[in-house]
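Only one structure is covered here, and it is reproduced in the block below.
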Amino acid sequence: MPKSKASILVVDDAIDTLEILQRNLSSQGYHVFTAGGVAEAIQFLSGTAVDLVITDLKMPKVSGLDLVRHVHENMHDTEVMMITGYATVESAVKAIKIGAEEYLSKPFTDDELFAAVKKILMKQKSRRAAEKAETEKMPSPEGLLGESVSMQKIYKAIGKAASTSATVLITGESGTGKELVARAIHYNSPRASAPFVPVNCGGIPEGLLESELFGHVKGAFTGATESRAGFFQTAEGGTIFLDEISETSLTMQVKLLRVLQNREVSMVGDSRTRKVDVRIVAATNKNLLNLVHKGALREDLYFRLSVITISMPPLRDRDDDILLLTRHFAGKYAEEYGKDVPRFTDEVLTALRNYNWTGNVRELENLMHRLVVMTDSDKIDIADLPPQMRFSISSTAGLTRTLADVELEYIKNVLASVSGNKTRAAEILGIDRKTLREKLKGTKKE
C-alpha cells in the first residue's frame, strides 16, 4: 500500500463497474470516490481536489472525453485515465491528446489497472517534486512573508511581472498585502531607482482626482495659483500604483484608458498632451468583471489593466503561514516596545489557525500589536484573545437562536475538534470544502 493515500475519483454510469473499481483500488490503500456521470463528477471536483480521475468513455448525455478536457484545462494538479469497452485507436489518440495520461480497454485485469494507476501517480509525484524544488528557490520579496504554496506562486508571479513593463492588476480582499506586491514588482524591476507613487483612488474626492493624477496649469480653476505636476508626472520613469481602481467614475476611466493606450496625459486647463514613461499597477478588492457586467467599469479599461493579473490569497487559505506571521509580528512589536517576545499556548495557536481572519494579514498584525502592548505576562493564553476568537456559551442559547447561528457554532466546534483541518471537517459535516469555505465566509461583515 502507498505510504500516503492518493485520492481517486472513478466516473462510470455502470454501478457494478463503480463498485468493483472502488473495492479493488481501496484494497491498495487509495482513497476512492465515485460518480455516476460527468455532471456529478464536475460537481464533486468543484469542491474536492483529487489526485487522479478515472473515467469511462461512453456515458449518457456527456462523454468522458469532455470530462478529460475539463480536468486538463481547469485542474492543473489532477491526472486523468480513460477506460472503455469501445476502444479504438482514434478514441485513444484523442483522449491522450486532450489530457489523459493512460488509456485502458475493458476488460482489463486488476494488475493492469494497478500498474496503470501506479505509473500515473509516480509521474505526478515526480512532477510535484520538481515544481516544489522550483518554488523553493523563489526568495521572499522584502515586506512579504509566507512559505505556503499559494505564496510561493505569488513570488514567482512577482518575478515574472518585474521583468516586464506590462500593466499589472492585483486582486484580493482587503488586508492581503496588495500594495506590498506592487512595491515588490517595482523594486525588483529595472525601474527600481525611479519613484514608486501610491495613489488611493477611493480616498480622493472625484472633483480633485483628475488634478491629482494629471496635474493642472495656473488658472485652471479657482485656487490654482500656480501650475503643479500630477502623480503621473511625479512617477516619471517609475511606477504608479492605483489602489481601489474600481472607485473611479466612468468619466475618469475614459481618461485613464487614454493614458494606458497612448502613455499621454493632459493637465487640467491645458489643451496639450504630454508623454509619460510610467509603469501602471492597479489593485482592487472587488470583482471587476462583475462591475463590467453592471456597467460600472469600462470593459476596455478592464482588459487594459489586466494584462498580468496577480490574485492575493486570503489568510484563511494560508493555514501554513498563520503561525509564521504570528511569530513575526509578535517579535516585531516586542522589539519595538522593548519587551520579551511572548510565548503562545497551544490553545492560542489552535484558535489562531481556526479563526476566519476576515481582515486577513492586517487583522493578524493588529492583533499581535495589541497583545504585545496590553499583555503583562510573557505568555499569551486563550483568555488574552478577543471574545470572538474564544469559545463561549452564547447568551442567545436555546430556542431564541437562529438556525444560522446554531449551524455556524457547530461548524466551528467541528473545526476545533480536528485542529482546523478543513478537509476532515467537511467530511464530518457531509459537505465539500467549497461549501465549508462559503459558510465560514458568511461571518464576514459586508
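The table below gives the values:
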| read-out | value |
| --- | --- |
| Amide proton proximity set for residue 279, modelled H, under 5 Å, gap of 5+ | 238, 239, 240 |
| Around residue 37: net Lys/Arg minus Asp/Glu count, Cβ-Cβ under 10 Å | -3 |
| In Å, descending, principal axis extents of the Cα set of segment 149-311 | 54, 40, 27 |
| Under Karplus coefficients 6.51, -1.76 and 1.60, residue-wise ³J(HN,Hα) of segment 339-348 in Hz, glycine/proline x | 10, 6, 5, x, 9, 10, 5, 4, 5, 5 |
| Distance cut-off 25 Å, percentage of C-alpha pairs in segment 103-221 lying past it | 52 |
| Loop sites in segment 270-325: trypsin sites (Lys or Arg not before Pro), DSSP, at most 13 other Cβ within 10 Å | 272 |
| Cα-Cα over 25 Å, subset of 153/178; 5/119; 153/255; 286/412; 61/119; 5/160 | 153/255; 286/412; 61/119; 5/160 |
| Partner aspartates and glutamates for residue 275 [C-alpha distance under 12 Å; skip if fewer than 8 residues away on the same chain] | 236, 264 |
| For 156, 218, order by how many other beta-carbon atoms lie within 10 Å, fewest first | 218, 156 |
| For residue 33, distant residues with modelled amide H under 5 Å away | 8, 9, 10 |
| Aspartates and glutamates whose Cα lies under 14 Å from that of residue 434, excluding same-chain neighbours fewer than 8 positions away | 317 |
| 3J(HN,Hα) from dihedral phi, segment 53-58, Karplus parametrisation 6.51/-1.76/1.60, rounded to Hz, x for glycine, proline | 10, 10, 10, 6, 7, 8 |
| For segment 101-108, Karplus couplings with θ = phi - 60° (6.51, -1.76, 1.60), whole Hz, Gly/Pro x | 8, 9, 9, 10, 9, 7, x, 10 |
| Loop GluC sites (Glu not before Pro), segment 142-201 (other Cβ atoms within 10 Å of the site Cβ: 11 or fewer; DSSP) | 142 |
| Rg in Å to one decimal, and Dmax rounded to a whole Å, for segment 316-441 via C-alpha atoms | 15.9, 50 |
| Beta bridges per DSSP with both ends in the chain, % antiparallel, nearest 5 | 5 |
| Crossing angle, helix 110-136 versus the chain [Cα axis fit, 0-90 degrees, rounded to tens] | 20 |
| Cβ-based exposure ranking for 54, 20, in which fewest neighbours within 10 Å come first | 20, 54 |
| Distribution of pairwise C-alpha distances over segment 7-133, 5 Å bins, in % | 2, 11, 23, 26, 22, 11, 3, 1, 0 |
| Amide H partners (placed H, <5 Å) of residue 311, local residues excluded | 171 |
| Footprinting exposure proxy for 303, 33 (fewest neighbouring C-beta atoms within 10 Å first) | 303, 33 |
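Throughout, read-outs are computed from the coordinates displayed, never taken from laboratory work. Predicted model only: the values in this text are computed from it and were never measured. Cβ atoms come from the backbone with ideal geometry, glycine included; neighbour counts cover every protein chain shown.
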